[in-house]
1. If I go through segment 376-395 residue by residue, how many of them are surrounded by fewer than 16 Cβ atoms within 10 Å (Cβ to Cβ) and either farther than 30 Å from residue 110 by Cβ or at pLDDT 75 or above (or both)?
2. Go through segment 322-346 and report how many residues are touching a residue at least 12 places away in the same chain (Cβ under 8 Å), closer than 30 Å to residue 62 by Cα and surrounded by fewer than 18 Cβ atoms within 10 Å (Cβ to Cβ).
3. Against the conditions (1) at positive phi; (2) at pLDDT 70 or above, where does residue 107 fall short? Just the number, please.
4. Of the residues that make up segment 349-365, is at least one over 28 Å from the mean Cα position of the chain (by Cα), touching a residue at least 60 places away in the same chain (Cβ under 8 Å) and not in a loop (DSSP other than H, G, I, E, B)?
5. Out of everything in segment 120-140 that is in contact with a helix residue (DSSP H, G or I) (Cβ under 7 Å, 6 or more places away or on another chain) and either farther than 28 Å from residue 83 by Cβ or at pLDDT 85 or above (or both), what residue ends up being surrounded by the most Cβ atoms within 10 Å (Cβ to Cβ)?
6. Against the definition (within 22 Å of residue 295 (Cα to Cα) and at pLDDT 75 or above), how does residue 23 come out, yes or no?
7. Residues in segment 332-344: is at least one at positive phi and in the same structural domain as residue 270 (by TED's automatic domain parsing)?
8. Give just the number: which of (1) in a strand (DSSP E or B); (2) more than 28 Å from residue 94 (Cα to Cα) does residue 195 not satisfy?
């Protein structure tokens, strides 16, 4: 018994120390040198000034910048319009990244729209000119001489060859067929390079003369790689005509004001929730508040290290909703705990049975929310998609903290000593007291 109490005290002390340390670092910042954490997490930015939580990727509505929406004109006779849009988006993304705008996002908008968001932009006109440049696809000899351009490529599609390997099947127009026939005949065993906007895209080796204008490029790796490169080739060959529909600039000051206001509102709400939990459930409320702090720290660290997630105003709403889900789970657990206390069970038994009885209700509620978040992510665009991502991540983290963390804390606190039942909740009369 004494060993169990000691183990419980040590476990709680370790968790408390980690929580305080992580919370302090979250408030004051933690330097992350390029040769430190980034060596383990290579997808994070590697600037010397990097700092957690400053590395949190903020969306356009919080950081400020420019966003522009385009509509794409479908070329006559073009069957694979979706691939053409994907290729255009890939070209825009590459072009922005090459110019230093690596945190830009390019998303499909509806059936024929493209939305581009570029944070921290000071010259919107320069960005619009950069996006509007036509894609330049060039075919070059080993000597670097351009012998064919992208307007001679009719189609480029991903496929599998007889060996089950990912390849790209391409077809040239009449002019391109004649040029390619002569060049492949003269360079068998040599590489004919393909460049997109001056950057090397492919460097395939010619195995034989291609007289028909139809050929195959192997060595793609995966079918996803083949899809990406085929889209880029086809986009360079048949650039979409983009019509600017909307452009707007978001002030960084407005973003700062929105962020500070949202954080203040969330903090006030969290403090009120914690106060109500403590008043209603006493020690259990304290433990739930502790688990809620762990939830917040874990969630924001996950947002910082998981690639592809940006924190936006709708994303903050998803986080707050996740807090509500975590609190709901704790309320269900504590009410089941109270039911077991009323029936005369001991504290240890009430914790064990209460969690077991609450699990199905918690699982059902969170799974339905995860389904809704998945639908928003799959079919939404822009801020709606961002809300779905943060909501889904918030629900997953809240399930972990509400079930695993809260249960761990309750089990160890109960094991410390023989508590009075009323230290854990209010308004509960045990079966023994009722007699």
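The values are calculated or read from the model by the stated rules, or taken from the named source; none is laboratory data. The shown structure was predicted, so the numbers you read here are calculated from the model rather than taken from an experiment. Every residue, glycine among them, receives a Cβ derived from its backbone with ideal geometry; neighbour counts consider all protein chains shown.
1. Going through segment 376-395 one residue at a time, the tally reaches 3.
2. Matching residues across segment 322-346 total 1.
3. (1)
4. Within segment 349-365, one or more residues are over 28 Å from the mean Cα position of the chain (by Cα), touching a residue at least 60 places away in the same chain (Cβ under 8 Å) and not in a loop (DSSP other than H, G, I, E, B).
5. If we take residues in segment 120-140 being in contact with a helix residue (DSSP H, G or I) (Cβ under 7 Å, 6 or more places away or on another chain) and either farther than 28 Å from residue 83 by Cβ or at pLDDT 85 or above (or both), then 121 is surrounded by the most Cβ atoms within 10 Å (Cβ to Cβ).
6. On the way: within 22 Å of residue 295 (Cα to Cα): yes; at pLDDT 75 or above: yes.
So residue 23 fits the description; yes.
7. In the first step, residues of segment 332-344 are kept if they are at positive phi; the result is 344.
Remaining after also requiring in the same structural domain as residue 270 (by TED's automatic domain parsing): 344.
Taking every residue of segment 332-344 in turn, at least one turns out to be at positive phi and in the same structural domain as residue 270 (by TED's automatic domain parsing).
8. (2)
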